[in-house]
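What follows is calculated from the coordinates using simple rules that are stated; it is not laboratory data. Since the structure is predicted, the reported quantities are computational estimates derived from the model, not experimental observations. Reconstructed Cβ throughout: ideal geometry from the backbone, glycine too, with neighbour counts over all protein chains shown.
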Amino acid sequence: MGDMMPYLLEKGGTLRIFEEYLNTARPQRRAFLEVVRNSHRANNVAGQLDWFVQGPPGLWADPRFALKAVPPIDPPWTGAQERDQLIKWWFGFQRNNAGQWVTYRSPLRSAGSPPTTGFWIAYEGEVHRIVCAAVRWALELSLGLGPNDNRPGRDDPLPVEFFWKCLAPWFEAWVLRRPTDGAAGKGLVSVVLVTPTHDGANVSESPIATSPTVVPLGDGSGVPSTGRDYEVLAVDATPGDAGAGAAPMAPNRKYAMWVVTHTNQEKSGAVTVIDNAGDSDIADWGIPVLGCYKGKGRIVVVSPSMAAGGIKHDGSV
Amino acid sequence: MPSPTDWQERQHALNEEEVARYLELQADWPALLETLTGDLEFGLKIVEADSVAVLSQWFTATDGWREEEGRWGLLGDNAFGVAWEYDGIHDVPFAFNGLPASGRPVTVRGFTLLGPDPDSGRVQIRRYVDWAGVFGQLGLTLNWRIPVPP
């Protein structure tokens, strides 16, 4: 989250760790809800960011953030660094010399271009407040509480899960709730962060991994990797489909994100997209085509590695 | 969208006599260039007809087409160019790449070049249209994620 995103949907390590710290027992979750509510009501940046700076107790001290210390992130990498990076690139703030969070807008990309929040392209908005409101409502739903309900909440809070979907013209968050066992009142709350594109946001033309790591070859975007738990579902499989060292485990996975698509997306050769000013007869012209993709190859079902934005089969980080 | 084959009926820049004149000259660039040298306004009308026949499929004219003052005429010794603008409204349902009519006003800006096909000598027309500006006015955004090989 925040750096590599080779697919169009992602969970990845950061959101998975965040989920773990959010999905606590009622007392801890209820206490954190109050922190989030206070930030939601705050009328200054410091207060509005407070819930995220604090995080659920222990979140930013989790040593597993060090696992992200692969290029272009230099080791050692800590939760505090991850937090500050997210506040800068996602929320659009950075610390001034006094340590206060002040507005960060991406450098102007061209003369006259409007400012953009953090690293989002062609978008300016109060992302920190959107995310805060979404997390607040997700916590309240998980506890069975209304927006101004001050009761303790249900004894067995519902689990909350997070996903990041890119691309959209603006930033919004979806909070979804569905029952998993109607009779027992159990359910699941899903938060989908739907975002604009961002700096370095190239996407892979194929869900099939060809690299042992997600580290890109110098252009700043991630690539699908054959990291642990990467898996190609063995539907009409041919030998070698599964990533290196990845034992097929599809039916037994407790956690998975499966993407179903062609093995490759290719620019259609039938459409000329490189010259929209060619010579022609009078009135013989039309709307330019910027890109037209054609799904090529067979349909595959792929679970990305966690480094590439997926999740490990047991939910671990 | 295919270009209009009925361009003669779709535009009002050229009268019947001028249409016949253009049809006669379009296969003979030197002859058209000679005509333009003595009648620059005819070149303007050709460019207007070329623009309006297509743009009016998508955008009903409000203030319509106009050349930019002082920014048109013979270019070098073998071309004719016009900088132009077209004001319209996006009110034609599903005509512009399938978009529902947005009702939004649109100003399309472009530059059109008349010149010869180097092989056949036939008149060819090239248009540089500010498409990004058109897309932006309609509220379209660009997908800033480049698909790359893994």
Alpha-carbon radius of gyration plus Dmax, which is the widest Cα pair, for chain A in Å: 21.7, 74
Averaged over B:138-145, number of beta-carbon atoms from partner chains that fall within 10 Å: 6
Loop-located trypsin sites (Lys or Arg not before Pro) in segment A:120-174 whose Cβ has at most 15 other Cβ within 10 Å (DSSP): A:Arg154
Neighbour-count ranking [beta-carbon atoms within 10 angstrom, fewest first] of A:Cys132, A:Cys166: A:Cys166, A:Cys132
Gaussian network model of chain B, Cα within-10 Å springs - most flexible of B:Val129, B:Val47, B:Val108: B:Val129
MRE, 222 nm, helices only [DSSP H, n ≥ 4, -39500 (n - 2.57), over chain A, to nearest 500]: -6000 deg cm²/dmol
Net charge of Cβ neighbours under 13 Å - reference B:Leu25; Lys, Arg +1; Asp, Glu -1: -4
Highest-MSF residue in chain A out of A:Pro75, A:Pro159, A:Pro224 [GNM, Cα springs under 10 Å]: A:Pro75
Bridge type composition, segment A:96-211 - antiparallel percent by DSSP, nearest 5: 60 percent
Highest-fluctuation residue, A:Pro251, A:Pro63, A:Pro76 considered, GNM on chain A with Cα pairs under 10 Å: A:Pro251
0 to 90° range, to nearest 10: angle between helix B:29-38 axis and chain B longest Cα axis: 80 degrees
Peptide-level mean, for B:118-129, of C-beta atoms on other protein chains within 10 Å: 3
Under 17 Å between alpha carbons - lysine pairs in chain A that sit 8 or more apart or on different chains: 8
